[in-house]
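Report on the structure given below.
The values are calculated or read from the model by the stated rules, or taken from the named source; none is laboratory data. Please read all numbers here as calculations on a predicted model, not as lab measurements. Here Cβ is always computed from backbone atoms with ideal geometry, including for glycine, and neighbour counts include all displayed protein chains. Heads up: the accessible areas ignore ligands, DNA and RNA and are worked out on the full protein's heavy atoms, side chains in. Shrake-Rupley method; radii C 1.70, N 1.55, O 1.52, S 1.80 Å.
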Amino acid sequence: MLNAAFKAVSSDLAGGGSMQIGVYGAGYLGTVISACLADFGTPVTCCHPDSSRMVEMAQGNVPFHEKNLNEVIKRNVRSGRLVYSTDIESFARKTQVIFLAEDTSQHLADLALRIARVVSKPPILAIVTPVPVGTASGIERRLAEEGLKATIVSQPVFFTPGCAVEDFNWPDRIILGTKSNEAVLAIKQIFHPLVMRGVPVIVTNHETAELVRESATAFIATKISFINELATLCEKVNADAVNLSLALGLDKKIAPRCLQPGAGMGGIFAESDMDSLAMLAKQNGVSLKVLSAAREVNQSHAENIVDKISSFVNSVENKDVGILGLAFKPNTNSVAGSSSMRLAQSLVAKGARVHAYDPVALADARLELNGSVHYCDTAYAAAEGGEALVVGTGWPEFRALDFDRIKHLLKRPLIVDTKNLLDSSRLRSMGFEYVGVGRI
């Protein structure tokens, strides 16, 4: 029976087959997923009722910065593999597998019911939107109450802003929460290039699949907070946190990713994932002490940096401080959960005059920081007249700055490198006071 189902799915997805794939959502997730699925060579329709957004997307104008994404969209629109639509009823009728990829889960159940009402054949609805545990089962109950049919699959995705295209094409695993063998076969075939490459596919129930995402976010936050606490200890005992993290990361039980001192846990969905997990634990009478501690350390990271700057300049009040980078991480304009943004806010709260530069994130930063920060067109403008220059985001281009010029622009040649990005030996030899995180 499985072989017959696989042959039917394979036939539908072959070059001349009839199966159509849809992605509902034109925010961050929907834009990335629809473009990357089309890049597999699969015809994809992306649907959302915002007609102006759909027109912009079809022209390759993405409303956020994400490395390589514009090129992927333009390539697949030109080839005809990626189309955009505002007609949800037509979209639902012609697509057999639909990825629900809104950035928030607020109207997800209503969306699933609306799709199920207009289709002639029960669709496969794969939920990639970050959702609280219990969402998929709740949608199944709503469908049953309404006498509607659809196969629900919980499929959490794990994208990091700045490398989402890479994360899509080189995932660590594919998680499928469903009881339907047909749905598993269909989605495996859609992700055939990844499955053939050996990417593990884990099939489980809805609740486990939903919990994987929140647990992964919480574990990464714990790992980041742990190395940052050790970096503080390193500064007290004359140890080097960079070498410490390298040695720890080479232990195969630990691994090096997300073990770099100076990083902060952030991103578009990180806080909501951890909030959701904390709420789930509280509702079920479970105390997640490790998660609580990790979040506390992560939130206090910016204050620790401000205290460090203050110790060098004898209080930041009425002092000019330059910040290089406001984005959560390089190659994205997202400032959601950005440790550099928290640092800017903390400096302003302590009375500093902050001058900030970021290659792409200034527009988004303005929405959160309002007029409390002076925004600069170049890194050199951010440095001019400053008592200190802070590296807040690890943009690679900051390594190539003319530091001789920066030294002359600064009032005091003090660089605080919160990402341990720069060559400390070189800068010190040039006469800078260099302060890293956990560095000797």
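Give the residues of the range 431-440 that are outside any strand (DSSP E or B) and surrounded by 13 or more Cβ atoms within 10 Å (Cβ to Cβ), sorted by residue number. Across the range 431-440, the qualifying residues are PHE432, GLY436, VAL437, GLY438, ARG439, ILE440. Residue pairs whose Cβ atoms lie under 9 Å apart, sitting 6 or more positions apart in sequence or on different chains, and linking a residue in the range 260-287 that is over 16 Å from GLU210 (Cα atoms) to a partner that is open to solvent by less than 40 Å² (accessible area, probe 1.4 Å) and aromatic (Phe, Trp, Tyr), are GLY264/PHE328; GLY266/PHE328; GLY267/PHE159; GLY267/PHE328; ILE268/TYR28; ILE268/PHE159; ILE268/PHE328. Taking the stated definitions as given, is ALA109 farther than 24 Å from CYS163 by Cα, small (Gly, Ala, Ser) and open to solvent by less than 30 Å² (accessible area, probe 1.4 Å)? So ALA109 passes the test.
Residues that are over 25 Å from LYS329 (Cβ atoms) and either among the basic types (Lys, Arg) or open to solvent by 20 Å² or more (accessible area, probe 1.4 Å) (or both) within the range 391-424 comprise ASP404, ARG405, LYS407, HIS408, LEU409, LYS411, ARG412, PRO413, listed in sequence order. Checked against (1) among the hydrophobic types (A, V, I, L, M, F, W, C); (2) open to solvent by 10 Å² or more (accessible area, probe 1.4 Å); (3) modelled with pLDDT under 90, MET57 meets all criteria but (2). Every listed requirement among (1) of a type in the set (Gly, Ala, Ser); (2) touching a Lys or Arg at 6+ places or on another chain (Cβ under 9 Å); (3) free of Cβ contacts under 8 Å to residues at least 60 places away in the same chain; (4) farther than 26 Å from GLY138 by Cβ is met by ALA221 save one, (3). Determine if the range 1-21 includes at least one residue that is modelled with pLDDT of 95 or more and either open to solvent by 50 Å² or more (accessible area, probe 1.4 Å) or aromatic (Phe, Trp, Tyr) (or both). No, every residue in the range 1-21 fails to be modelled with pLDDT of 95 or more and either open to solvent by 50 Å² or more (accessible area, probe 1.4 Å) or aromatic (Phe, Trp, Tyr) (or both).
Within the range 344-371, the set of residues being open to solvent by 50 Å² or more (accessible area, probe 1.4 Å), in contact (Cβ under 8 Å) with a residue 12 or more places away in the chain and over 26 Å from the mean Cα position of the chain (by Cα) comprises LYS350, ARG353. Could you list, in sequence order, all residues of the range 131-169 that are in contact with a helix residue (DSSP H, G or I) (Cβ under 9 Å, 6 or more places away or on another chain), within 25 Å of ARG117 (Cα to Cα) and in a helix (DSSP H, G or I)? Once the filter is applied, which keeps residues that are in contact with a helix residue (DSSP H, G or I) (Cβ under 9 Å, 6 or more places away or on another chain), within 25 Å of ARG117 (Cα to Cα) and in a helix (DSSP H, G or I), the range 131-169 yields THR135, ALA136, SER137, GLY138, ILE139, GLU140, ARG142, LEU143. For residues that are farther than 30 Å from GLU271 by Cβ and open to solvent by 40 Å² or more (accessible area, probe 1.4 Å), tally how many sit in the range 161-188. Qualifying residue count for the region: 4. Inside the range 209-229, can you point out the residues that are at pLDDT 95 or above and touching a strand residue (DSSP E or B) at 6+ places or on another chain (Cβ under 9 Å)? Hits for the range 209-229 are ALA209, GLU210, VAL212.
To keep it simple, each residue is scored yes or no on (1) assigned to a loop (DSSP other than H, G, I, E, B); (2) within 21 Å of the chain's Cα centre (by Cα).
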| site | (1), (2) |
| --- | --- |
| VAL297 | no, yes |
| SER315 | yes, no |
| PHE328 | yes, yes |
| SER340 | no, yes |
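The set of residues in the range 342-381 being in a loop (DSSP other than H, G, I, E, B) and over 14 Å from VAL321 (Cβ atoms) consists of ASP358, PRO359, VAL360, ALA361, ASN370, GLY371, ASP377, THR378.
Do the conditions hold for GLU387, that is, is it modelled with pLDDT of 95 or more and either of a type in the set (Ser, Thr, Tyr) or within 22 Å of the chain's Cα centre (by Cα) (or both)? For GLU387, the condition - modelled with pLDDT of 95 or more and either of a type in the set (Ser, Thr, Tyr) or within 22 Å of the chain's Cα centre (by Cα) (or both) - is not met. Consider ALA382 carefully, then state whether it is touching a residue at least 40 places away in the same chain (Cβ under 8 Å), in contact with a Cys (Cβ under 7 Å, 6 or more places away or on another chain) and open to solvent by less than 40 Å² (accessible area, probe 1.4 Å). For ALA382, the condition - touching a residue at least 40 places away in the same chain (Cβ under 8 Å), in contact with a Cys (Cβ under 7 Å, 6 or more places away or on another chain) and open to solvent by less than 40 Å² (accessible area, probe 1.4 Å) - is met.
Taken over the range 95-106, residues that are closer than 14 Å to GLN155 by Cβ and open to solvent by less than 10 Å² (accessible area, probe 1.4 Å) amount to 5. Hey, does the range 85-99 have a residue that's under 11 Å from THR31 (Cα atoms), within 23 Å of the chain's Cα centre (by Cα) and not acidic (Asp, Glu)? No.
Selection of the range 58-77 for residues being of a type outside the set (Asp, Glu) and within 24 Å of LEU194 (Cβ to Cβ) yields VAL62, LYS67, ASN68, LEU69, ASN70, VAL72, ILE73, LYS74, ARG75, ASN76, VAL77.
One line per residue, one yes/no per condition, for (1) modelled with pLDDT under 90; (2) open to solvent by 10 Å² or more (accessible area, probe 1.4 Å); (3) of a type outside the set (Phe, Trp, Tyr):
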residue: GLY285; (1), (2), (3): no, yes, yes
residue: ALA294; (1), (2), (3): yes, no, yes
residue: ALA302; (1), (2), (3): yes, no, yes
residue: ILE309; (1), (2), (3): no, no, yes
residue: GLU317; (1), (2), (3): no, yes, yes
residue: GLY325; (1), (2), (3): no, no, yes
residue: PRO330; (1), (2), (3): no, yes, yes
residue: GLY337; (1), (2), (3): yes, yes, yes
